[in-house]
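Just so it is clear, none of the values below were taken in a lab; they were calculated from the coordinates. Predicted model, so just to flag it, every value in this text is computed and none were measured. We place every Cβ from the backbone using ideal geometry, glycine too, and count neighbours over all the protein chains shown.
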Amino acid sequence: MAARALRHFVMNPILIATSNPGKLRDFAGIASPMKIEVAPVPGFSSVPPVVENGLTFEENARKKTEVYSTYVPGEIVLADDSGLEVDALNGAPGIHSARYAAAEPHRAESNTDDEANNHRLIRELQDILPENRTARFVCVIAVARDGQTLATFRGEAEGIILKERRGTNGFGYDPLFYFPEIKKTFAQLSSQEKAKYSHRGEAFRKFLDWYCTAQR
């Protein structure tokens, strides 16, 4: 209900602090049915990257949005930190999901290739029985204005890690993440299905409800 009401309040696109095309597609797919536009922070490609050295998804999301919001004074800026938690790996790759293929993910200064990350995950789970390959995608969205966090929102999606990839949509670990509720991996979902079931979709809808209330 609140998300529908947002149509009457939002005039400008919601600014997303990311250059990741997969994330931008996800956010656009979630917002599009509600006639809401999203866009990257203007000039984001020339902004120095934030070092994501927080110990949790929330810490990293807050750090990013607090820094990047200072580049667009007076505007609300959204940033997220997300990743995959695998139970058999004690929650890894977790906050290091984008750098998992590095020799020391916690020390890596840049992201590693999706294919390499997936390959390492497959290798590390090769001896794990199907019933023990449970995992979840986690997304934490933080919203800030002028360097101050206003709110955070968390979304999760529970699934199972497959032994081989399925599907060509999505990005990251989507081809390995099987969602039992609809018997597909996230890489087999349409943009509408992913918006409905994903961790990022859940967190973004919570943001929209908050934003609608804040605009009243």
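Can you pull out the residues in segment 32-57 that are in a loop (DSSP other than H, G, I, E, B) and either more than 23 Å from Ser110 (Cβ to Cβ) or among the charged types (D, E, K, R) (or both)? It would help to see each step written out before you state the result.
Just the residues of segment 32-57 that are in a loop (DSSP other than H, G, I, E, B), to begin with: 35-37, 41-43, 47-56.
Once the filter is applied, which keeps residues that are in a loop (DSSP other than H, G, I, E, B) and either more than 23 Å from Ser110 (Cβ to Cβ) or among the charged types (D, E, K, R) (or both), segment 32-57 yields Lys35, Ile36, Glu37, Pro42, Glu52.
Output yes when any residue across segment 50-65 is out of contact with any helix residue (DSSP H, G or I) (no Cβ under 6 Å at 6 or more places or on another chain), among the aliphatic types (A, V, I, L, M), farther than 17 Å from Tyr178 by Cβ and crowded, with 19+ Cβ neighbours inside 10 Å, and no when none is.
Taking every residue of segment 50-65 in turn, at least one turns out to be out of contact with any helix residue (DSSP H, G or I) (no Cβ under 6 Å at 6 or more places or on another chain), among the aliphatic types (A, V, I, L, M), farther than 17 Å from Tyr178 by Cβ and crowded, with 19+ Cβ neighbours inside 10 Å.
Between Asn117, Asn60, which is closer than 22 Å to Ala203 by Cβ, touching a Phe, Trp or Tyr at 6+ places or on another chain (Cβ under 6 Å) and assigned to a helix (DSSP H, G or I)? Walk me through how you get there before you give the answer.
Values: Asn60 fails: touching a Phe, Trp or Tyr at 6+ places or on another chain (Cβ under 6 Å).
Of the residues listed, the single one that is closer than 22 Å to Ala203 by Cβ, touching a Phe, Trp or Tyr at 6+ places or on another chain (Cβ under 6 Å) and assigned to a helix (DSSP H, G or I) is Asn117.
Determine whether Arg154 is among the charged types (D, E, K, R) and part of a loop (DSSP other than H, G, I, E, B). Before you say what the answer is, go through the steps one by one.
On the way: among the charged types (D, E, K, R): yes; part of a loop (DSSP other than H, G, I, E, B): no.
The answer is no for Arg154.
Six or more apart or on different chains, Cβ under 6 Å: which pairs go from a residue in segment 176-203 that's within 17 Å of Ser82 (Cβ to Cβ) and free of Cβ contacts under 8 Å to residues at least 24 places away in the same chain to one that's of a type in the set (S, T, N, Q) and surrounded by fewer than 21 Cβ atoms within 10 Å (Cβ to Cβ)? Could you list them?
Ala187/Asn169
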